[in-house]
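One structure is given here, and the rest of the page talks about it.
Read-outs: derived from the displayed coordinates by stated rules, not from any lab. Everything numeric here is computed off the predicted structure, so don't read it as measured data. Here the Cβ positions follow ideal geometry from the backbone for every residue, glycine too, while neighbour counts run over all protein chains shown.
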Ligand SMILES: NC(=O)c1ccc[n+]([C@@H]2O[C@H](COP(=O)([O-])OP(=O)(O)OC[C@H]3O[C@@H](n4cnc5c(N)ncnc54)[C@H](OP(=O)(O)O)[C@@H]3O)[C@@H](O)[C@H]2O)c1
């Protein structure tokens, strides 16, 4: 029998180095622990010290203390996100997969210390910074892949081009949908870069039995919990395909999956011109933040 030639991106058995942004709770936490059980090295980002300690304890129970690197960071700060990226880069020369989960609901418009709207900054901007900031390390992997877990395939919501910070007409859902659509465009722009070896996967997990509801009003929490009992997917089911994206990244530069179904890259929310427009606006915004808040 002729020996089969392995596909260059297919190495399911090789231990990976995986970054999990938002890995202290929900789907990210489940992915982090599952990858540790498989023998991978996992770098977890999250802001809560208590959740971080619980994760470290659980990693200890599966004998993975020496393969978990916990970075406690508030990713709604551009400066702190950049510092976390520098830490990761200093400690890990190669990264095989960057997985992006960090998000939090904000019922009231909240402005960060850098003057930015919180949801835009945490849910979109931190993912932009991590995707681009860790590209050199991902590029050193034979199978570098980014999995951005958000809401691809949804066409609700829009980029408020004249009011990205939602100073006018803020709403929690408006902010979540805008950042979701911004993540769609982040994937499109990232994958369009010339000579880019890193695969980008936009993944919508569907309604899942996860999500920190603590920022929400009690009545809303109760109704989401009731709906989740009826129709949300178990966490393990929602993250199953993420293991596949990591172990065998797709061949195409950009892949979009809504639960189990491929999303056509031609849908309006993945428009390349809008992706380039948002990239440009993001670069301008980050340059402004750097000038104002990160002198020298
Ligand atoms: N659950 C669903 O039904 C569903 C459906 C569609 C899409 N999604 C998307 O899937 C992703 C993951 O959802 P999930 O349900 O797993 O969420 P989750 O359980 O609420 O977990 C969110 C993660 O983000 C971290 N995080 C929040 N604020 C942070 C901050 N300021 N700095 C650093 N980390 C921060 C949290 O850690 P700390 O608390 O330690 O900061 C936690 O690890 C989200 O993008 C969500 O929009 C979820």
Original post:
Considering only DSSP beta bridges whose two residues both sit in the chain, what percent are antiparallel, to the nearest 5?
Top reply: 10 percent
Original post:
Of all DSSP beta bridges located in region 195-296, what percent are antiparallel, nearest 5?
Top reply: 25 percent
Subject >> Relative packing of 67-76, 21-30, which averages over residues the other C-beta atoms within 10 Å, highest first >> reply: 21-30, 67-76
Subject >> Relative contact order (percent, whole number), the chain, Cα cutoff 8 Å, 6+ residue spacing >> reply: 19 percent
Original post:
Is it possible to state the helix-based mean residue ellipticity at 222 nm for the chain, with each DSSP H run of 4+ residues giving -39500 (n - 2.57), the sum divided by total residues, to the nearest 500 deg cm²/dmol? What is it?
Top reply: -13000 deg cm²/dmol
Subject >> the chain: most fluctuating residue of 135, 214, 77 per GNM, C-alpha cutoff 10 Å >> reply: 214
Subject >> DSSP bridge orientation in region 15-118 - percent antiparallel, rounded to nearest 5 >> reply: 5 percent
Original post:
Using a simple spin-label model with points 7 Å from Cα along the Cα→Cβ vector, what separation in nm is obtained for residue 195 and residue 258?
Top reply: 3.7 nm
**OP:** With springs connecting C-alpha atoms under 10 Å apart, model the chain as a Gaussian network and identify which of 140, 16, 94 has the largest mean-square fluctuation.
**Re:** 140
**OP:** Describe numerically, in nm with one decimal, the distance between label points set 7 Å from Cα along Cα→Cβ at residue 168 and at residue 14.
**Re:** 5.2 nm
